[in-house]
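Read the structure below first, then the notes.
Only the coordinates and a few stated rules stand behind these numbers; no lab work does. Every value quoted in this text rests on a predicted model; they were computed, and no experiment measured them. With ideal geometry, Cβ positions are generated from the backbone for all residues, glycine too; neighbour counts draw on all protein chains shown.
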Amino acid sequence: MNVPPAILDLKIAPPDQRPVHLWLPLFLLWPFVLVIGVLALVLAILTDVVLLVLGQPYHHYTILLLRSLEALTDTHGMVIRIRSDKTAVDMTVQ
């Protein structure tokens, strides 16, 4: 089951300083994304229907929007680790 990311766990560790650990609650953004997503989906469906009626080449805006949302949900479980001489960054999307 595809679940959108809920938490972004960010750790930044400079070598000579105290590490910074940020916990960002992405689930607080879900209501806004839902409202904007529904409005965008309605607009994409209307655009696809109008282009189909006008005989224009069909561009599949609805499919593009749905695949974009699918790519967003696929970021769940993503881990990024960046190490250098000056700093270390760990980012986990849960």
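Residues of the stretch 1-14 being touching a Leu at 6+ places or on another chain (Cβ under 7 Å) and either assigned to a strand (DSSP E or B) or farther than 24 Å from Thr87 by Cβ (or both), which ones?
Hits for the stretch 1-14 are Pro4, Ala6, Ile7, Leu8, Leu10.
Filtered by the rule that a residue be surrounded by 12 or more Cβ atoms within 10 Å (Cβ to Cβ), of a type in the set (A, V, I, L, M) and within 17 Å of the chain's Cα centre (by Cα), the stretch 65-94 gives Leu65, Leu66, Leu69, Leu72, Met78, Met91, Val93. If you filter the stretch 15-64 down to residues that are part of a loop (DSSP other than H, G, I, E, B) and over 27 Å from the mean Cα position of the chain (by Cα), you find that the one that is surrounded by the fewest Cβ atoms within 10 Å (Cβ to Cβ) is Asp16.
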